[in-house]
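The structure under discussion appears below in the form of structure tokens.
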Amino acid sequence: MKLKKYILEFTSPNSLISLIYFFSLLFMYSSNIGNFFYLKITSLMIVFISSLTFILRLYKKKINLIKFINEYKFSLLLFFSFFVLYAIYTNFYSPGIYGFGAFLNLTTSLAHKQSCADLPLIICNNWSTIYFFYLLLLLIIFNFFSEINFSKLFINCGLIYCLIGIFYYLIMLIYSQINLTGYYKLSFYLEFAPEMMRIFPHFSLTYTPSSRNYEVFPIIVAKLFLIYELVLNGKNTKKILTFCLFSIFIFYSYSRLMWIIDGIMMILLFFLIKEKSKILKLLSVNIISIIICLGLFSYIYNFSKILYWESNYNVRTNITYYTLSRVSTLFSSKLSNFFHKKNEKAWFYYAPSNLKKKVINDEFENQKQKEIFFDENVKEIMNYNFNSNTQRKNIYLDGINYFLKKPMGHGVMNIPIRGSNAESGILQVALEVGIFGLIFFSLILIYPVRIFFLNKNLLSRILLIFCFIIILSQIFTIYIWYNFLWFYFAMIFYFNKKIRNHER
């Protein structure tokens, strides 16, 4: 009897959708870490088996698909048009390049980034078709299994990935103390440069190289729905601790875009939700938890004797100055330079090789010499590494110009920008599939906003904010390649239809 109970629980809609969401993310993350092929394939198989189980359950329910299609006809037509356009531009406007297979003709790291390396070409070449059916299946599941608890789903998955990130960082940190040679070998095996572990000149709790934006965004979603639960059901110690953990992980990812999205999310919550006192309390908890951790990390990392590395003469960045310089890049390059100048130990990693020992041994006669050394040898390279504002601005301007020159699109992965990456989902769509693709994608982003805005209940306010942070993310980064975006769209359009039907 107990076994039967466990099987029923494991195959319940909430368990199955959790498996799909969790392992879709795991597939994506493991694709960005070298030598994790079997984990990636296992994750993909679990997603497939869970989806197949749902299809069997839907068959037993004898659902009315005609009625479903009729109810969602506008939404389905919108997504279908968008994906068909991508399929057409993939195969006819990008000669010799097919979908994500384009990345296989570029570099391994780019193939990893698109979750495509080492996979059969049929998957890489038909991503738009696969994502359409993935989204369609999710819409059907959400529509016919209304008992799915999205808050619990997002919060639990977010919590697991937060803990994975923190434990991963701590394990690597401890391993670097026990066996530095082994640490370097492991980082090589994982295809990370040692500094990408964020242990020496950089600091971050994230665990894949150069991919913080898509690692952290599901955590922000989890935080948003955790706030929904806290406002709806009142205080809960475990939930408050989880909220602190999410806040710490988001901040110490050092992703400036995620800081902006997180900050704007909290501001929108304050203005759009009636329970303003609760939001203010949560904001206070958010700030206090970050400050406490900054003090703790700074003490352990910079002032205690707990950590020591033979490598790089045991030189490491000052976390407090590092944090302040990263924050200040959002609004003042002068202030950022001020903190770079204060962070003297970090100069070691950016100074020319022949001058590194001068930093280690502090071979400066006076402060004036230090300032001259910083201005001539360190300032420019530190700005380049810490502040991508100018680079992004140039990419956006170039992208707009290329779109105006060819408004019907350049073809999938065929745009004349570095790595064919426009650093903006909206701009990427416009450049790849032209004005019509831009219209379809813009409608997907803004169509649900109106119904959520007109409704004043708490869930509608949360969903409205969810829409806003997705729009903001797609202005400054690209998620159309990643499965979680289409999961979120399926959920948003499901609730959009549900609220519309309720109004009628």
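Take R198 and decide whether it is within 17 Å of the chain's Cα centre (by Cα), surrounded by 15 or more Cβ atoms within 10 Å (Cβ to Cβ), of a type in the set (K, R) and at pLDDT below 95.
Details: within 17 Å of the chain's Cα centre (by Cα): no; surrounded by 15 or more Cβ atoms within 10 Å (Cβ to Cβ): yes; of a type in the set (K, R): yes; at pLDDT below 95: yes.
Against the criterion (within 17 Å of the chain's Cα centre (by Cα), surrounded by 15 or more Cβ atoms within 10 Å (Cβ to Cβ), of a type in the set (K, R) and at pLDDT below 95), R198 does not qualify.
Within region 216-247, restricting attention to residues that are among the hydroxyl-bearing types (S, T, Y) and either touching a Ser or Thr at 6+ places or on another chain (Cβ under 8 Å) or surrounded by 20 or more Cβ atoms within 10 Å (Cβ to Cβ) (or both), which residue is farthest from S284 (Cα to Cα)?
Filtering region 216-247 for residues among the hydroxyl-bearing types (S, T, Y) gives 228, 237, 242, 247.
In the following step, the residues that additionally are either touching a Ser or Thr at 6+ places or on another chain (Cβ under 8 Å) or surrounded by 20 or more Cβ atoms within 10 Å (Cβ to Cβ) (or both) were identified as 228, 242, 247.
Details: Y228: 17, T242: 15, S247: 11 Å.
Only one residue tops the list, namely Y228.
Can you spot a residue in region 274-294 that is surrounded by fewer than 19 Cβ atoms within 10 Å (Cβ to Cβ), farther than 27 Å from L224 by Cα and out of contact with any strand residue (DSSP E or B) (no Cβ under 6 Å at 6 or more places or on another chain)?
no
Six or more apart or on different chains, Cβ atoms under 8 Å: show the pairs whose first residue is in region 133-152 and farther than 24 Å from S81 by Cβ and whose second is not in a helix (DSSP H, G or I).
Short answer, once both residue conditions are applied: F144/I63.
Wholly within region 419-504, which helices (runs of 4 or more DSSP H) include no fewer than the required count, namely at least 1 residues that are under 26 Å from S31 (Cα atoms) and not hydroxyl-bearing (S, T, Y)?
Hits in region 419-504: 425-446, 458-476, 483-503.
Out of the residues in region 385-403 that are among the hydrophobic types (A, V, I, L, M, F, W, C) and surrounded by 13 or more Cβ atoms within 10 Å (Cβ to Cβ), state the one that is farthest from N337 (Cα to Cα).
Within region 385-403, the first condition is being among the hydrophobic types (A, V, I, L, M, F, W, C), and the residues that meet it are 386, 395, 397, 400, 403.
Narrowing the set further to residues that are surrounded by 13 or more Cβ atoms within 10 Å (Cβ to Cβ) leaves 386, 395, 400, 403.
Numbers: F386: 10, I395: 23, I400: 30, F403: 35 Å.
The selected residue is F403.
In the set N483, N496, which member is touching a helix residue (DSSP H, G or I) at 6+ places or on another chain (Cβ under 8 Å), at pLDDT below 90 and not β-branched (V, I, T)? Before the answer, list the steps.
Numbers: N496 fails: at pLDDT below 90.
Result of the check over N483, N496: N483.
Quick check: is even one residue across region 280-292 part of a helix (DSSP H, G or I), without any contact (Cβ under 8 Å) to a residue 24 or more places away in the chain and closer than 17 Å to Y321 by Cα?
Going through region 280-292, the residues part of a helix (DSSP H, G or I) turn out to be 280-292.
Still in the running and without any contact (Cβ under 8 Å) to a residue 24 or more places away in the chain: 280-281, 283-284, 287-288, 291-292.
In the following step, the residues that additionally are closer than 17 Å to Y321 by Cα were identified as 291-292.
Yes: region 280-292 contains one or more residues that are part of a helix (DSSP H, G or I), without any contact (Cβ under 8 Å) to a residue 24 or more places away in the chain and closer than 17 Å to Y321 by Cα.
Quickly run through region 238-289 and pick out the residues that are among the polar types (S, T, N, Q) and touching a helix residue (DSSP H, G or I) at 6+ places or on another chain (Cβ under 7 Å). Break it down stepwise before answering.
Going residue by residue through region 238-289, those that are among the polar types (S, T, N, Q) are 242, 247, 253, 255, 277, 284, 286, 289.
Answer for region 238-289, where residues must be among the polar types (S, T, N, Q) and touching a helix residue (DSSP H, G or I) at 6+ places or on another chain (Cβ under 7 Å): T242, S247, S253, S255, N286, S289.
Inside region 404-418, can you point out the residues that are assigned to a loop (DSSP other than H, G, I, E, B) and surrounded by fewer than 21 Cβ atoms within 10 Å (Cβ to Cβ)?
So the first thing to find is which residues in region 404-418 are assigned to a loop (DSSP other than H, G, I, E, B), and the list is 406-417.
Of everything in region 404-418, those that are assigned to a loop (DSSP other than H, G, I, E, B) and surrounded by fewer than 21 Cβ atoms within 10 Å (Cβ to Cβ) turn out to be K406, P407, M408, N414, P416, I417.
For region 324-366, give me each residue that is among the hydrophobic types (A, V, I, L, M, F, W, C) and more than 23 Å from S255 (Cβ to Cβ).
Taking region 324-366 as the starting set, the residues that turn out to be among the hydrophobic types (A, V, I, L, M, F, W, C) are 324, 327, 330-331, 335, 338-339, 346-348, 351, 355, 359-360, 364.
Correct list: W347, F348, A351, L355, V359, I360, F364.
The values are calculated or read from the model by the stated rules, or taken from the named source; none is laboratory data. Every value quoted in this text rests on a predicted model; they were computed, and no experiment measured them. For neighbour counting, all protein chains shown are included, and Cβ atoms are generated from backbone atoms with ideal geometry for every residue, glycine included.
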